[in-house]
Amino acid sequence: MKKLKLFFYDRADCQLEPGFPHRPIPVLSKPNPEFYQVVSSPVESDFIVLPVLLSDVGASRVSDQDYVYSYISTLPFFQEFEEKHLFFLPGIDTWAPLFTKATLFRHSVHRKFPDLNAIPYPYYSDLVPEQPNYDNLVYHTVFSGFLGSWKGRGELVTALSIAQGIHCYVKGMDRFHDHLPPEQRDENRKTYLESVRCTVTVCCPRGAGLNSFRFFETLASGRIPILISDECVLPFEDRIDYKNLILWLPEARIPEIEPFLLDFFAKTAPGEIARRCAAARTAWETYLSPVRQEQLVLRALRQIKAAKHALNAAQARDVANLREAMKK
């Protein structure tokens, strides 16, 4: 198969906001010569790559989607070759589309309002969990995390706190993990990981975005994620049979988490639970772990090139109408 041709912007052409760290993109910061050829002209390229995370370019305005779009539209080759552009947009919870034909690798992709070439990208962790151990199961489920701005997390903490028919570990925090003192972060992390070792399922509610680091960490830990997000697009949906390894709780049913879990454990044999846990770990190892993310990127880029960046019906909508629909 022919190599994909990549043209990289020079940092001097990126008009980066001074005073902030601008992190290199994953995977393609050192493109594998087996799959990619770096070229010197955007004209001959298959993709034009921004070498830093798009979430870093306006570090003081990271949640301002209009600003981000205004930034990418001023890049030297964007107007002429919009569909060739490739951006990594991790670390921002918002799912709001940028209304672009460029390729976007991002954590949060909305099923009803995606950009044309928005690719769901798993959260990355340097900490690779050890092989699953099921010797000390205590809880039916656990949740520990920042409550944030989405009311569903608070509803979840309330529902779990009053549950009497299930054993659960629950801790809602009013401050984001990275904003806590280092010693408190370490202690919280240690306690949380210990709770995961003692549970079968882990509650993974969405936040301001549609997914969470917790979801992928749960798969890696060989536990069953309870994804609470109605419109989330997951990575590799065409290859991973998510319905047979995770649980999906509709957002409107958060107050019913106790009967939901009681019903699951009553109807599911221990052998099936063990199979789901093993399948979760296998899916993470096969498709979602850090060492597999090169495959995700390469496969997506090959598909996008083969499709010749063709417009789909959603992308062809009037932008004003789409923005209005997003508010509903």
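The values are calculated or read from the model by the stated rules, or taken from the named source; none is laboratory data. Note that the structure is a prediction, hence the values are computed from the model and not measured. A quick note on method: Cβ atoms are made from the backbone with ideal geometry, for glycine too, and the neighbour counts reach across all protein chains shown.
So for the range 7-27 (the condition being assigned by TED's automatic domain parsing to the domain that holds residue 307, in contact with a His (Cβ under 6 Å, 6 or more places away or on another chain) and either at pLDDT 95 or above or outside any strand (DSSP E or B) (or both)), does at least one residue qualify? Looking for residues that are assigned by TED's automatic domain parsing to the domain that holds residue 307, in contact with a His (Cβ under 6 Å, 6 or more places away or on another chain) and either at pLDDT 95 or above or outside any strand (DSSP E or B) (or both), one finds at least one in the range 7-27, hence yes.
So which residues in the range 98-157 are in contact (Cβ under 8 Å) with a residue 24 or more places away in the chain, charged (D, E, K, R) and touching a strand residue (DSSP E or B) at 6+ places or on another chain (Cβ under 8 Å)? Hits for the range 98-157 are 101, 111, 115, 153. Within the range 171-178, not a single residue is of a type in the set (Gly, Ala, Ser) and within 24 Å of residue 289 (Cβ to Cβ). Restricted to helices (runs of 4 or more DSSP H) entirely inside the range 161-280, those with at least 1 residues that are in contact (Cβ under 8 Å) with a residue 60 or more places away in the chain and under 20 Å from residue 94 (Cα atoms) are 213-220.
Of all residues assigned to the range 112-124, none qualifies as being of a type in the set (A, V, I, L, M), under 20 Å from residue 279 (Cβ atoms) and at pLDDT below 95.
Would you confirm whether or not the range 30-38 contains a residue that is surrounded by fewer than 19 Cβ atoms within 10 Å (Cβ to Cβ) and at pLDDT below 85? The answer is no; no qualifying residue exists.
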